[in-house]
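Single-structure report; data block below.
The values are calculated or read from the model by the stated rules, or taken from the named source; none is laboratory data. Please read all numbers here as calculations on a predicted model, not as lab measurements. So basically every Cβ, Gly included, is an ideal-geometry build from the backbone, and we count neighbours across all protein chains shown. We work out accessible area using only protein heavy atoms, side chains counted, and drop any ligands, DNA or RNA first. Shrake-Rupley method; radii C 1.70, N 1.55, O 1.52, S 1.80 Å.
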Amino acid sequence: MANIRLRINERIRLPEVLLVDEEGQKVGVVPTSEALKRARDLNLDLVEIAPNLRPPVCKIIDYGKYKYEQGKALSQQRKKSKVVGEKEMRLSLNIDDHDLAVKVKKVDQFLAKGHKVKVVVRFKGREITHPELGRQVLAKFLGLLTTPHEIDKETTKQGRQLFTIINPKK
């Protein structure tokens, strides 16, 4: 709502509006001049709430308070939305057991935090002629994971890499 400009008071140029009074009661279709007069008599603003409707819906409210509440609601919405990132772990065909264990530990941490993880085996040079070796490395890696997980996307070959996506189990 922060980037949407609402028309208020004299900026509402249409001849008629659907008026909602300060208590939220629907008054009906009235001339814009009469709606403005009502708002001024109450020391409030006439704010266009739904500009896309014909006639547009206008409400008699304190615009400053309305803007503040909209910003607060937007802030609460941002707080509640949880952004789950996708992490990526790259492996190669000739990865050492210790290096594999270190990467398994890191992926376990990612899964424990609730992240999706894309596990990628990259082929260098002529290794691409042996995709079955890449599948073995991937299977070994997934077998070493200790955090409960589920495979979101099965092993897929894309260009010079083999990958799978895993999610933490809920």
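Annotations
- Contour minus Cα-Cα distance for S33 and K65 (0.36 nm per residue): 9.2 nm
- Beta bridges from DSSP with both residues in the chain: antiparallel share about 70 percent, rounded to the nearest 5.
- Using only Cα coordinates, the Kirkwood hydrodynamic radius of region 1-148 works out to 20.6 Å.
- Taken about its Cα centre, the chain carries a charge dipole of about 580 debye when Lys and Arg each add +1 at the Cβ and Asp and Glu each add -1 at the Cβ.
- Cut-off under 5 Å, modelled amide H: who pairs with H149 long-range: K169
- Within the chain, helix-based [θ] at 222 nm, where runs of 4 or more DSSP H residues each add -39,500 (n - 2.57), nearest 500: -11000 deg cm²/dmol
- Packing-based order for 147-153, 160-166, 88-94, 72-78, using average beta carbon neighbours within 10 Å, highest first: 160-166, 88-94, 147-153, 72-78
- Counting DSSP beta bridges with both ends in region 76-170, the antiparallel % (nearest 5): 65 percent
- FRET efficiency for the pair K105 and E132, taken as 1/(1 + (r/R0)^6) with r the Cβ-Cβ distance and R0 = 25 Å, rounds to 0.40.
- When the chain is treated as a GNM with alpha-carbon contacts under 10 Å, the residue of Q70, Q136, Q25 showing the greatest mean-square fluctuation is Q25.
- Antiparallel content of DSSP bridges confined to region 1-95, in %, to 5: 80 percent
- Partners for K26 among lysines (Cα-Cα distance below 25 Å; same-chain residues under 8 apart left out): K37, K59, K65, K67
- Residue-normalised accessible area of the chain, given per residue in Å² at a 1.4 Å probe: 67 Å²
- Spin-label model distance (nm) - K170 vs R90, 7 Å beyond Cα toward Cβ: 3.2 nm
- Greater than 24 Å apart at Cα, pairs in K72/K169; K72/K116; K79/K103; K116/K157; K124/K170: K72/K169; K72/K116; K79/K103; K124/K170
- Estimated FRET transfer efficiency when R0 is 41 angstrom, pair K113-Q25 (beta carbons, to 0.05): 0.25
- With a Förster radius of 25 Å applied to the C-beta separation of N43 and L14, the computed FRET efficiency comes to 0.60.
- ³J(HN,Hα) computed for each position of region 132-142 - Karplus, 6.51 cos²θ - 1.76 cosθ + 1.60, integer Hz, glycine/proline x: 5, 5, x, 5, 5, 4, 5, 5, 4, 4, 5
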